[in-house]
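The values are calculated or read from the model by the stated rules, or taken from the named source; none is laboratory data. From a predicted model like this one, the values you see are computed outputs, not experimental measurements. In this analysis, Cβ positions are derived from the backbone assuming ideal geometry, glycine residues included, and neighbour counts consider all displayed protein chains. The protein model used for the area step is the full one, side chains on, heavy atoms only, and it has no ligands, DNA or RNA in it. Shrake-Rupley method; radii C 1.70, N 1.55, O 1.52, S 1.80 Å.
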Amino acid sequence: MAIVSLPPVQRLRPLAPLVVRVAAGVTLIAHGFEHSPAEFGRLVREAFGVPFSGLIGWAAVLLQVLGGGMFVLGLLSRIVAIPAIVHMALALSWEAQFGLAPENTAESIGAQVPLLIMAGFIVVLLAGPGPVSLDRLIGWDNGWDQGSQPVRTDEVVAP
C-alpha cells in the first residue's frame, strides 16, 4: 500500500537527467568564458605548479565551453563527464581552502559551485543522459539498465 502516490509527477521523471545536464552544462560553459586559456593556464601554474600550463589552460577552457555544450545537448555525455569530474575535483581542491561558502566572494566562489557541478556530472555518468538526449536519439546510449533484471528476494535457494 502506497502512503503517497504521485502519478502525474512520474510522467516528468524522464526529464530529470535533462535538468541535471542543463544545470551542470550551462554553469560549466559560463565558467569557461570567465577566463582566457592563457589566464587559466597561469592560474593552474600558480595553484598546482604543473608544467605545460598553457596547454592545460586550452584543454580546460575547451572542456568547459565545448564539453559543457555537448553535455547540455546530451552528446557523448558519459565521455564528457569523466574529464569534467576530474576538472571539478581539481577546482574543488583549490576552492576548499576558502570554505564552502566564503564571505569574500571577490576572492573565491567557494567550494559549493564545483561540488554541485561535479555531482551533476557524476549523476549523468552513473545514470546516463536520459531519454531526452542526442545520445539516446542516435542510439549511442540506450541506458545501462536495459538488460538488468531486478533481484528477487523471495527465491532464496537453501545450500
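Scanning segment 32-62 for residues that are touching a helix residue (DSSP H, G or I) at 6+ places or on another chain (Cβ under 8 Å) and part of a loop (DSSP other than H, G, I, E, B) gives Phe33, His35, Ser36, Val50. Among the numbered conditions (1) open to solvent by 50 Å² or more (accessible area, probe 1.4 Å); (2) at pLDDT 85 or above; (3) over 14 Å from the mean Cα position of the chain (by Cα); (4) more than 18 Å from Leu126 (Cβ to Cβ), the only one that Val26 does not meet is (3).
Residues of segment 43-62 that are open to solvent by less than 60 Å² (accessible area, probe 1.4 Å) and either of a type in the set (Val, Ile, Thr) or modelled with pLDDT of 95 or more (or both): Val44, Val50, Val61.
A count restricted to segment 57-101 and to residues that are of a type in the set (Ser, Thr, Tyr) and in contact (Cβ under 8 Å) with a residue 60 or more places away in the chain stands at 1.
Among the conditions (1) at negative phi; (2) at pLDDT 85 or above; (3) loosely packed, with under 13 Cβ neighbours inside 10 Å, Gln97 misses just one, which is (2). Any residue that is open to solvent by 40 Å² or more (accessible area, probe 1.4 Å), closer than 19 Å to Leu18 by Cβ and at pLDDT below 95 - is there at least one of those in segment 65-72? There is no residue in segment 65-72 that is open to solvent by 40 Å² or more (accessible area, probe 1.4 Å), closer than 19 Å to Leu18 by Cβ and at pLDDT below 95.
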